[in-house]
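Only one structure is covered here, and it is reproduced in the block below.
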Amino acid sequence: MHYEDDMDKRPRAYVPYRSTLDERDRALAAKELHENEDTRDASIAQLREFIAKHPQIVRCRTDPVFLLRFLRYRKFNVAEACATLEGGLAFLMRMRTLYGEEVNTFHPNVQRMLELDAIVPLGFDRKRRMVILVRVGAMDPKDTTALLQMRLGALVINTCLEYERTQVHGTVWIVDCSGMTMGHVGAWGLSEVKMMADSINEVVTMFVKEVHMVQVPRVTWMILDLLLPLLSPKIRDRFKFHRTQDELRSAIDGSILPTTYGGEQSFKQAVENFRDMFEAQTRWFKLEQQFLMDLSIPAPGTARNRQRNEFPGEEAMVGSFRKLTVD
């Protein structure tokens with residue numbers, strides 16, 4: 001297959017599916033996601049047809065691993081997978097319009113965020129879920145923005161989703177809030193909080209099995225009190241709060257944690273492993289820059305003057321934490 005075909009909505013030949021899953025992975029996919037050889041092949045074909053015929057989609061990946069993100073996340077309900085793909089592309093187009101080049105994974109500011117090691121996949125736990133550590137205190141609020149923090153999160157998520165095991169088994173998030181200050185809170189306006197919630201609820205095609213919040217200072221609740229009500233009940237119910245690292249270790253597979261958290265692996269090694277994962281998927285991130293959806297064309301079944309996937313209520317989000325001060 002030629003390189004230019006990778007983003008052709010109607011390629012001369014489609015990439016065939018070659019599974020990277022073992023028997024245990026496939027058994028879970030069959031049980032929980034309704035995936036088998038027949039449903040998978042037929043569903044991929046239908047999703048490819050949807051992309052080929054969609055009037056707004058100009059360039060989009062059609063390789064199986066990319067399409068299976070949406071199919072597995074929607075448990076092979078093809079109509080829902082198509083809607084999620086369409087909404088995700090529209091969301092990306094609007095992010096580009098609002099924020100320009102900083103949406104690009106290879107923008108210098110995004111790559112600078114990567115060097116902070118603030119969001120690092122730690123590897124698969126005993127249940128084969130990808131464990132991802134977020135270290136809020138590693139991000140200097142003077143040098144980062146809410147957008148850059150979201151873009152770093154998107155980079156990590158998209159890197160992990162290139163691995164089929166993550167698509168099937170999902171993720172466990174550990175959010176270490178130690179070192180969080182009013183400066184970190186001030187980086188988030190109400191519109192950014194709403195945008196993050198919309199992204200988590202509707203755009204991110206990753207199963208979130210657990211979210212562990214650790215050492216949460218009082219100022220963090222200024223964001224959480226806004227964010228949590230905006231999340232779907234299913235995701236909201238998966239948040240767990242721990243006052244100490246000891247409490248965290250008793251709630252998860254502690255062996256996956258870095259030694260600085262009382263675990264068994266070197267944080268430096270985890271960082272190096274993640275860098276290798278990202279480098280291995282660089283080609284797909286470069287292709288991501290070519291995703292194109294023409295939102296000036298009416299979406300199927302919508303009125304001409306209405307755009308898909310606008311950020312709901314964005315015009316009303318006039319408040320911000322940026323003016324907050326501490327006595």
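The values are calculated or read from the model by the stated rules, or taken from the named source; none is laboratory data. Keep in mind that this is a model prediction, so the values were computed, not measured. Ideal geometry is used to build each Cβ from the backbone, glycine not excepted, and the neighbour counts take in all protein chains shown. Just so you know, the surface numbers come from the protein's heavy atoms only, side chains and all, with ligands and any DNA or RNA stripped out. Shrake-Rupley method; radii C 1.70, N 1.55, O 1.52, S 1.80 Å.
What is the sum of charges around residue 129, taking Lys and Arg as +1, Asp and Glu as -1, for the other residues whose C-beta is under 15 Å from the C-beta of residue 129?
Values: positive: 24, 72, 126, 127, 128, 165, 209, 238, 240; negative: 25, 32, 125, 164, 210, 253.
Here the count lands on +3.
In terms of modelled amide H atoms, which long-range or inter-chain residues lie less than 5 Å from the amide H of residue 35?
Amide H to amide H, under 5 Å and 5 or more residues apart or across chains, residue 35 pairs with 30.
Sum up the lysine pairs in the chain that clear both bars: alpha-carbon distance under 16 Å and a spacing of 8 or more or different chains.
9
Quick one: grab the alpha carbon gyration tensor of segment 109-283, order the square roots of its eigenvalues as a ≥ b ≥ c, and give me rounded if a/c is under 1.5, else prolate or oblate depending on whether a/b is larger than b/c. Present the calculation step by step, with values, prior to reporting the outcome.
Details: a/c = 1.26, a/b = 1.17, b/c = 1.07.
Rounded.
What's the carbon and sulfur percent of segment 109-283's accessible surface, probe 1.4 angstrom, rounded to a whole number?
Numbers: 3670 of 7080 Å².
Answer for segment 109-283: carbon and sulfur cover 52 percent of the accessible area.
What are the ³J(HN,Hα) couplings of segment 94-104, residue after residue, when phi is run through the Karplus curve with 6.51, -1.76, 1.60 and θ = phi - 60°? Round to Hz, x for glycine and proline.
6, 4, 4, 5, 6, 10, x, 5, 5, 6, 5
How much length would be gained if the chain were fully extended between residue 225 and residue 127, taking 0.36 nm per residue of separation minus their Cα-Cα distance, in nm to one decimal? Each step should come with its number before you reach the end.
On the way: separation 98, 0.36 × 98 = 35.28 nm, distance 3.08 nm.
The span from residue 225 to residue 127 would gain 32.2 nm if fully extended.
Taking amide hydrogens as modeled 1.01 Å from N in the peptide plane, which residues meet the under 5 Å criterion relative to residue 9, leaving out close sequence neighbours?
Distant-sequence amide H within range of residue 9: 60.
Could you give the size of the charge dipole of the chain about its Cα centre, using +1 on the Cβ of each K and R and -1 on the Cβ of each D and E, expressed in debye and rounded to the nearest 20? It would help to have the intermediate numbers written out before the result.
Values: 45 positive and 45 negative charges, 96 e Å.
Result for the chain is approximately 460 debye, rounded to the nearest 20.
Percent antiparallel among DSSP beta bridges with both residues in the chain, to the nearest 5?
Values: 9 of 26 bridges.
About 35 percent, rounded to the nearest 5.
Sticking with the crude label model, points 7 Å out along Cα→Cβ, report the distance from residue 41 to residue 138 in nm, one decimal please.
Once both label points are built, they end up 4.3 nm from each other.
Counting heavy atoms of the protein chains only and a 1.4 Å probe, report the per residue accessible area for segment 62-187 as a whole number of Å².
On the way: 3990 Å² over 126 residues.
That works out to 32 Å² for each residue.
Could you work out how much longer the chain between residue 244 and residue 259 gets when fully extended? Use 0.36 nm per residue separation minus the Cα distance between them, nm to one decimal. Write out the running numbers ahead of the final one.
Numbers: separation 15, 0.36 × 15 = 5.40 nm, distance 1.50 nm.
Going from the current span to full extension adds 3.9 nm.
What's the percent breakdown of Cα-Cα distances in the chain across 10 Å bins, shortest bin first?
5, 24, 35, 25, 9, 1, 0
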